[in-house]
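A short write-up of the structure that comes next.
The values are calculated or read from the model by the stated rules, or taken from the named source; none is laboratory data. The structure displayed is predicted, hence computed values, not measured ones. When we count neighbours, we look across all protein chains shown, and the Cβ atoms used for this are built from the backbone with ideal geometry, even at glycine.
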Amino acid sequence: MADVKISDLTSAAALDGTELVPVVQNGSTVQTTAQDIADLGGGGGASYTDVTGTLTAGSTSLTLSDASITSSSTLDFYTSVYGVNPTAVSISTGSVTLTFEAQLTNINVKVRVW
């Protein structure tokens with residue numbers, strides 16, 4: 001097996017994090033796990049939850065609920081109308097309340113929770 005090119009190896013199935021991976025650390029080749037590498041990415045890479053809702057025309061606030069929302073979450077906000085962004089954000093365990101200026105039409109809102 002030592003004479004096989006990496007490009008000639010069989011592709012892996014879905015990873016579960018327990019796989020051993022060789023790495024070079026301080027000039028020596030050592031082993032670690034796929035999960036250890038994933039943890040360096042601040043939560044295993046693209047590990048996030050999207051929570052969506054609609055700010056109805058004339059409303060100024062929208063509360064979105066999901067168990068992934070905590071006081072230590074990183075949140076990204078997206079709306080279906082360019083330039084419409086929350087003016088205030090209040091986070092509690094399991095929910096986030098966004099305050100907006102009143103809009104003339106319904107606005108789709110997505111909160112990405114990291």
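Below, the figures for the structure above:
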| item | result |
| --- | --- |
| Any hit, the range 35-54, residues being surrounded by fewer than 15 Cβ atoms within 10 Å (Cβ to Cβ) and either more than 30 Å from ALA12 (Cα to Cα) or of a type in the set (Lys, Arg) (or both) | yes |
| Breaking point among (1) on the phi > 0 side of the Ramachandran plot; (2) under 18 Å from the mean Cα position of the chain (by Cα), for GLY83 | (2) |
| Filtered residues of the range 1-19 (kept if exposed (fewer than 10 other Cβ atoms within 10 Å of the Cβ) and either assigned to a strand (DSSP E or B) or within 26 Å of the chain's Cα centre (by Cα) (or both)) | ALA12, ALA13, ALA14, ASP16, THR18 |
| Lone qualifier among GLN103, GLN31 - being over 18 Å from the mean Cα position of the chain (by Cα), surrounded by 13 or more Cβ atoms within 10 Å (Cβ to Cβ), at pLDDT 90 or above and not small (Gly, Ala, Ser) | GLN103 |
| Subset of the range 79-114 [touching a Ser or Thr at 6+ places or on another chain (Cβ under 9 Å), in a strand (DSSP E or B) and among the hydroxyl-bearing types (Ser, Thr, Tyr)] | SER90, SER92, SER95, THR97, THR99 |
| Pick from the range 59-103, criterion touching a residue at least 40 places away in the same chain (Cβ under 8 Å) and in contact with a Gly (Cβ under 8 Å, 6 or more places away or on another chain), ranking: nearest to SER47 (Cα to Cα) | ILE69 |
| Candidate set from the range 50-77 (those that are over 12 Å from LEU98 (Cα atoms) and among the aliphatic types (A, V, I, L, M)); member that is farthest from the chain's Cα centre (by Cα) | ALA57 |
